[in-house]
1. Under 6 Å by Cβ, and 6 or more places apart or on different chains, what pairs join a residue from region 89-106 that is at positive phi and surrounded by fewer than 22 Cβ atoms within 10 Å (Cβ to Cβ) with one that is modelled with pLDDT of 95 or more and not in a helix (DSSP H, G or I)?
2. Considering each of 238, 214 in turn, give the residue that is in contact with a strand residue (DSSP E or B) (Cβ under 6 Å, 6 or more places away or on another chain), surrounded by fewer than 19 Cβ atoms within 10 Å (Cβ to Cβ) and at negative phi.
3. Filter region 204-233 for residues that are more than 24 Å from residue 13 (Cβ to Cβ) and in contact (Cβ under 8 Å) with a residue 40 or more places away in the chain and give the result.
4. Across region 37-66, what is the total count of residues that are part of a helix (DSSP H, G or I) and in contact with a helix residue (DSSP H, G or I) (Cβ under 7 Å, 6 or more places away or on another chain)?
5. Which residue is surrounded by the most Cβ atoms within 10 Å (Cβ to Cβ), if the candidates are limited to region 45-60 and must be within 15 Å of the chain's Cα centre (by Cα) and under 15 Å from residue 108 (Cβ atoms)?
């Protein structure tokens with residue numbers, strides 16, 4: 001199977017972080033010494049993605065400029081966008097990402113480095129075995145607007161919803177997409193859909209094969225408290241390594 005092409009979606013405003021007093025734009029928040037998006041790009045290249053395409057809000061010129069300076073232009077493609085929703089950003093991003101299967105992540109998704117490697121390997125394997133899409137999922141933790149997943153014992157998605165199906169499992173902001181699924185994001189926008197979850201539901205409605213990879217803990221950087229949780233998660237991993 002062809003190598004995965006990574007796509008980072010960073011088209012949101014980060015309004016809830018700003019409301020909590022975080023001054024930096026969401027892609028530029030720091031978890032450790034560097035802006036998180038820089039760490040994320042390096043991680044995606046390290047785990048084996050052939051390229052990384054970044055969709056960044058057009059009104060964040062500092063982020064756009066520094067990423068273009070800091071990463072090789074032949075492997076990291078930085079694009080400005082101004083979009084009304086995550087689905088619109090996804091559709092544009094898939095249109096500019098090099099051909100092949102895609103390893104897509106939201107810019108506010110935080111996992112431990114070995115979990116990124118595990119999800120990457122699993123996505124590559126599952127897409128190669130015939131899955132149309134792969135969702136990273138995690139046990140529910142406090143957060144805003146969770147999308148719950150109902151799975152069969154083998155991990156295949158049966159349904160997606162706003163309320164739990166038994167033991168709460170939620171999507172974690174990382175998605176593997178087969179080449180055949182890529183064009184469907186633009187179709188979803190044309191149908192008037194406007195959220196990533198609506199796109200995922202559309203895949204199920206069309207009878208596509210959607211499966212899951214479970215990760216012990218994924219942090220979604222929505223609030224200032226999430227920054228603390230993300231730093232704690234990575235610090236605990238570093239401490240176990242030492």
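The values are calculated or read from the model by the stated rules, or taken from the named source; none is laboratory data. Predicted model only: the values in this text are computed from it and were never measured. Because the Cβ atoms are built from the backbone with ideal geometry, glycine has one as well, and the counts that use them run over all protein chains shown.
1. 100/5
2. Matching residue, one of 238, 214: 214.
3. Within region 204-233, 204, 208, 209, 210, 211, 212, 213, 214, 215, 216, 217, 233 meet the criteria.
4. 5
5. If we take residues in region 45-60 being within 15 Å of the chain's Cα centre (by Cα) and under 15 Å from residue 108 (Cβ atoms), then 54 is surrounded by the most Cβ atoms within 10 Å (Cβ to Cβ).
Conditions (1) under 16 Å from the mean Cα position of the chain (by Cα); (2) touching a residue at least 60 places away in the same chain (Cβ under 8 Å); (3) surrounded by fewer than 20 Cβ atoms within 10 Å (Cβ to Cβ), marked per residue:
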| position | (1), (2), (3) |
| --- | --- |
| 134 | yes, yes, no |
| 145 | yes, no, yes |
| 152 | no, no, yes |
| 158 | no, no, yes |
| 162 | no, no, yes |
| 166 | no, no, yes |
| 178 | yes, yes, no |
